[in-house]
Amino acid sequence: MKKNIVIIGAGFGGIAAAKYLAKNKKELKDYAIHLIDKKKNYEFIPMLPDLIAGWLEPEAISLNLEKFSQKKGINFVCDSVQKIDREKKKIITKNREIAYQYLIIAAGSKTNFFANTELSLNCRKLDSVKDALKIKNDLLDKAQQKKINIVVVGGGYTGLEIATNAHFLLTKNKLPFSITVVEKAPEILKMVSDRIKQIAKSELNRLGIKVITGDSLQKYKGEHAQLESGRKIKNAFCIWSAGVETSDFIQNLEAKKDKGRLLVDQNLNLKGKNEKRVFVAGDSAAFATQAGKSLRMAIMFAIGQGKIAAKNIINSLQGKKISSYQPIDLGYLIPLTYKKAPGIVIGAPVGPKLGYFLHYYMCFYRSEFSKKSKVWNAVRRRLRP
């Protein structure tokens, strides 16, 4: 009977790990690879806001995990992980238990409503293709009835992408609306340079998107929203983008954490005694930088960590030296829909137009091979003058 290598999560880190292990299956002849995810499809998260704008089809960024796994010789388990029993070395899902000899935790992150049940039930979120399509369809339906006041809670990267893509959708369809971005911090995009902040603020101002800082959504029921300051917004359509958190089973796992993310060593092993066969990648992992802070959540880090975690499993089986993870920060871009995406690339500031091209080039480059033609055709139309 074969032993098990289990990957929890089919996001960027989990898929990168699965591909690496499948490519080196000759080294794993005594092991079966299991990929667990509660979704049936792998979804290209960076382009979810583009679905809201309505110019991209969901098929371009969705990959059936069952078919993917069959081609790779991997066992796909569509199930929700409830618990990791580290003593007995088994994964407990909603419907089964799976023993493991090696484990990669790459479960990503989800929207954090900070324990506000009312907001979690009534606000829209953007965690999946399904969420994006619901936002798009609901926006169109409600705006056709009367003017809607869109409230995007969270002034980070995703919040601004949501706001500008919603603007594009309703402007294109000539429907009445207003958009307000509400940010609890004193300013939007608090982690970026003043230059990039200013470009973003100027673009939001040009589009007529209002920004409220130092405030947040407190209540939202029906079509009535109330901010913590007491300000009320009628005919509100609230979209929550004010933070993310790790999966429940990670939060409940007895392990060292940093803001809910699992602390790992330089080899991506879970910190703790006898954890040399448990690796963590992507948003689930808190990897310390030279400055002592945890590496930020980003796709490039998730992909790199997934590969290194898989490589270290193979190295361990072969008795070779384990590799340490060396993060390479390529920078970031903030797509603002209307052919503008300011940011930093390889340490250098990038103008909004060049950044916009680079953003979609990277989306094409990182998309699955079977989806590249669909992504390219959509991006080509999007970049057309």
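Some points to look at:
- Number of positions in region 222-245 that are more than 24 Å from the chain's Cα centre (by Cα), in a strand (DSSP E or B) and closer than 19 Å to residue 139 by Cβ: 4
- Unique residue being over 21 Å from the mean Cα position of the chain (by Cα), outside the structural domain of residue 203 (by TED's automatic domain parsing) and not polar (S, T, N, Q) when the list is 317, 268: 317
- Taken across region 83-102, residues that are under 21 Å from the mean Cα position of the chain (by Cα) and crowded, with 20+ Cβ neighbours inside 10 Å do not occur at all.
- Of the candidates 22, 32, the single residue that is touching a residue at least 40 places away in the same chain (Cβ under 8 Å) and outside any helix (DSSP H, G or I) is 32.
- Answer residue from region 132-173, given it is of a type in the set (A, V, I, L, M, F, W, C) and not in a helix (DSSP H, G or I) and is farthest from the chain's Cα centre (by Cα) among those: 148
- Scanning region 199-226 for residues that are modelled with pLDDT under 95 and exposed (fewer than 15 other Cβ atoms within 10 Å of the Cβ) returns 221, 222, 224.
- Restricted to strands (runs of 3 or more DSSP E) entirely inside region 63-120, those with at least 1 residues that are without any contact (Cβ under 8 Å) to a residue 40 or more places away in the chain are 81-85, 90-93, 97-99.
For (1) in contact with a strand residue (DSSP E or B) (Cβ under 7 Å, 6 or more places away or on another chain); (2) within 22 Å of residue 45 (Cα to Cα), each residue gets a yes or a no:
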| site | (1), (2) |
| --- | --- |
| 256 | yes, no |
| 266 | no, no |
| 285 | yes, yes |
| 301 | no, yes |
| 319 | no, no |
| 327 | no, yes |
| 332 | yes, yes |
| 340 | no, yes |
| 364 | no, yes |
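- Meets criteria (surrounded by 15 or more Cβ atoms within 10 Å (Cβ to Cβ), closer than 30 Å to residue 255 by Cα and in contact with a helix residue (DSSP H, G or I) (Cβ under 6 Å, 6 or more places away or on another chain)) for residue 16: yes
- Residue satisfying all of: in region 184-212; without any contact (Cβ under 8 Å) to a residue 40 or more places away in the chain and assigned to a helix (DSSP H, G or I); nearest to the chain's Cα centre (by Cα) among these: 197
- Verdict on residue 254 being outside the structural domain of residue 183 (by TED's automatic domain parsing) and of a type outside the set (Lys, Arg): yes
- Scanning region 317-339 for residues that are closer than 30 Å to residue 51 by Cα and outside any loop (DSSP other than H, G, I, E, B) gives 331, 332, 333.
The values are calculated or read from the model by the stated rules, or taken from the named source; none is laboratory data. As the structure is a prediction and not an experimental result, all values here were calculated from the model. Every residue, glycine among them, receives a Cβ derived from its backbone with ideal geometry; neighbour counts consider all protein chains shown.
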